[in-house]
1. Quick one: how many residues across the range 1-33 are in contact with a helix residue (DSSP H, G or I) (Cβ under 9 Å, 6 or more places away or on another chain), free of Cβ contacts under 8 Å to residues at least 60 places away in the same chain and outside any loop (DSSP other than H, G, I, E, B)?
2. With respect to the numbered conditions (1) crowded, with 18+ Cβ neighbours inside 10 Å; (2) at pLDDT below 95; (3) more than 16 Å from the chain's Cα centre (by Cα), which one is the sole condition not fulfilled by residue 119?
3. What do you reckon, is residue 83 in contact (Cβ under 8 Å) with a residue 60 or more places away in the chain, within 30 Å of residue 190 (Cα to Cα) and either in contact with a helix residue (DSSP H, G or I) (Cβ under 9 Å, 6 or more places away or on another chain) or buried (at least 21 other Cβ atoms within 10 Å of the Cβ) (or both)?
4. Can you pull out the helices (runs of 4 or more DSSP H) entirely within the range 123-237 that have at least 2 residues that are surrounded by fewer than 24 Cβ atoms within 10 Å (Cβ to Cβ) and within 15 Å of the ligand (Cβ to nearest atom)?
5. Any idea which of (1) under 24 Å from residue 62 (Cβ atoms); (2) modelled with pLDDT of 95 or more; (3) away from the ligand (no atom under 13 Å from the Cβ) is the one residue 85 doesn't satisfy?
6. Residues of the range 238-252 being in contact with a helix residue (DSSP H, G or I) (Cβ under 8 Å, 6 or more places away or on another chain), more than 16 Å from the ligand (Cβ to nearest atom) and assigned to a loop (DSSP other than H, G, I, E, B), which ones?
7. Inside the range 253-296, can you point out the residues that are more than 22 Å from residue 155 (Cβ to Cβ), away from the ligand (no atom under 14 Å from the Cβ) and in contact (Cβ under 8 Å) with a residue 24 or more places away in the chain?
Ligand code: NAP
């Protein structure tokens, strides 16, 4: 079989597979659809787990432009796939293509995992629950006990993180986004999910601030965990999101970026003796939860972690 970590299939390949022809091997019954998708580490992580669990199923990556998402999902179902992962830019559109949604997908307004159940398409979201597991693993804290600041709360990953914090009823939630209006939209959604008995003091439990030094300075002292969900930090030349002087040793800083492993934000946080972690643990745990949905059994998390560390 071709190395599924190295091969990116196309919609044309999926059409052929639905007609019983190559090049997608018959064992492939799981895949991630994205656009672009060639850099995805999910095939390496999922195939290592499938092998370790003794499953014959294999996982591929398929490039799918947004306008062809509905067709791609339909083809995968007809080809006998067990399910799919969805990544950029499909997580929102997929909501409308499911026959049934789990609670988290409905509450977060996004789907990253599909399960084919006969002719029915069931949508799940493992990004939010995956974040909860990741934070517990890397910082030994439950998200629900932390005062959280989400940088990039208006983006796909940031809005899922912010809404999961609301579902957890975190005692404080500060939303920051370059385009501030998007953070206000997410704040309005977050407030509907909060259990208001867990509020810290008389303040508004969800605060939106501009991405400006003075506003960050005012809020960061009342924050336990800073999550970077912006794409700033992927390039070495990217400017700082948070001035280094604002980071204190009592903070936990989680950067959803995992390539590079240490972003400038994490480097600044390490220099300030703050606790840090990158986004590899999120990738791991959302993937493990997806695998559990497809196979209905516990995933091989340690095998997946090792495969990811090797692949990255
Ligand atoms: P997205 O939907 O395109 O959102 C991008 C976010 O970054 C938006 O909030 C955007 O603000 C902000 N941003 C972009 N350029 C900026 C700049 N120059 N200054 C300030 N803010 C800027 O992307 P996404 O899917 O959420 O991904 C965001 C990051 O999370 C990426 O680095 C991605 O690799 C990472 N991620 C990691 C995982 C994981 O498993 N670890 C999963 C998903 C995503 P505006 O709204 O103003 O444009």
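1. So the answer is 6.
2. Answer for residue 119: the failing condition is (1).
3. Numbers: in contact (Cβ under 8 Å) with a residue 60 or more places away in the chain: yes; within 30 Å of residue 190 (Cα to Cα): yes; either in contact with a helix residue (DSSP H, G or I) (Cβ under 9 Å, 6 or more places away or on another chain) or buried (at least 21 other Cβ atoms within 10 Å of the Cβ) (or both): yes.
In short, yes.
4. Details: elements: 127-139, 156-167, 180-193, 213-220.
Correct list: 127-139, 180-193, 213-220.
5. (3)
6. Within the range 238-252, 247, 248, 251 meet the criteria.
7. Hits for the range 253-296 are 271, 272, 273, 274, 275, 291, 293, 294, 295.
The values are calculated or read from the model by the stated rules, or taken from the named source; none is laboratory data. The model shown is predicted, which means the values in this text are computed figures rather than measured ones. Cβ sites come from the backbone with ideal geometry, for glycine too, and all protein chains shown count toward neighbours.
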